[in-house]
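The values are calculated or read from the model by the stated rules, or taken from the named source; none is laboratory data. These numbers were taken from a predicted model, which means no experiment stands behind them. Here the Cβ positions follow ideal geometry from the backbone for every residue, glycine too, while neighbour counts run over all protein chains shown. Accessible surface areas use protein heavy atoms only, side chains included; no ligands, DNA or RNA. Shrake-Rupley method; radii C 1.70, N 1.55, O 1.52, S 1.80 Å.
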Amino acid sequence: MAAYDFKGKRALVTGGSRGIGKAVVKSLVDAGAEVFAVAKTQANLDKLKSEIPSVNIIAVDLADWETTRQTVEKVGNIDLLVNNAADLDQIRGMAAFVDVSKASLDKSLDVNLKAAFNVSQIVARDMIKRSCGGAIINMSSTAGLRPL
Ligand SMILES: NC(=O)c1ccc[n+]([C@@H]2O[C@H](COP(=O)([O-])OP(=O)(O)OC[C@H]3O[C@@H](n4cnc5c(N)ncnc54)[C@H](OP(=O)(O)O)[C@@H]3O)[C@@H](O)[C@H]2O)c1
């Protein structure tokens, strides 16, 4: 039996196609939520859907502010948002601090920071409009406490 009951709740998980996000999606489905998994790569989402048929899959590049906005707005009411997506290859491939370029920094922040603001604004505005409460969870890292 699931530890939480999310029956009747709608949850959106960014980066839900694999890794930690996929585990979050699975837990929320097990707890009874209607779950929307967002990721960039259609093939990874198709694989998720084949494993968890009840999940709703949404392919969008979170680095694209406007397309993300239009796509997520179409999802409708969300009670729980998990901002989990990250482009870790981009972070791992970055030059040393003293050499990192503006272009590389922009590319990283578009997904790893700005996308969380973008999606949260859409979801929070709707929560405020509905006066319904809800939760927004931002996935972080131990690297935030112990910089590498
Ligand atoms: N793994 C760790 O050891 C660790 C440690 C500390 C913190 N974290 C944090 O935990 C979270 C998940 O990490 P993870 O290791 O599970 O990551 P992961 O396995 O690399 O998965 C990343 C997820 O983000 C999605 N994503 C990446 N770029 C995207 C974009 N431009 N548009 C839409 N979706 C995009 C990926 O979708 P695609 O399938 O389309 O690529 C995938 O679903 C991240 O926020 C990370 O910083 C992880």
Filtered residues of the range 46-74 (kept if closer than 14 Å to Q121 by Cα, hydrophobic (A, V, I, L, M, F, W, C) and open to solvent by less than 70 Å² (accessible area, probe 1.4 Å)): L62, V72
Only one of A135, A143 is touching a residue at least 24 places away in the same chain (Cβ under 8 Å) and surrounded by fewer than 16 Cβ atoms within 10 Å (Cβ to Cβ). Can you tell me which? A135
If we ask which residues in the range 20-36 are over 17 Å from A135 (Cβ atoms), touching a helix residue (DSSP H, G or I) at 6+ places or on another chain (Cβ under 9 Å) and open to solvent by less than 80 Å² (accessible area, probe 1.4 Å), their number turns out to be 1
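Can you tell me which residues in the range 76-114 are among the charged types (D, E, K, R) and surrounded by fewer than 13 Cβ atoms within 10 Å (Cβ to Cβ)?
D89, R92, D99, K102, D106
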Near pairs, Cβ below 6 angstrom, 6+ apart or cross-chain, from the range 115-129 (surrounded by 12 or more Cβ atoms within 10 Å (Cβ to Cβ)) to any residue that is part of a helix (DSSP H, G or I): N118/W65; N118/T68; V119/V72; I122/V72; I122/E73
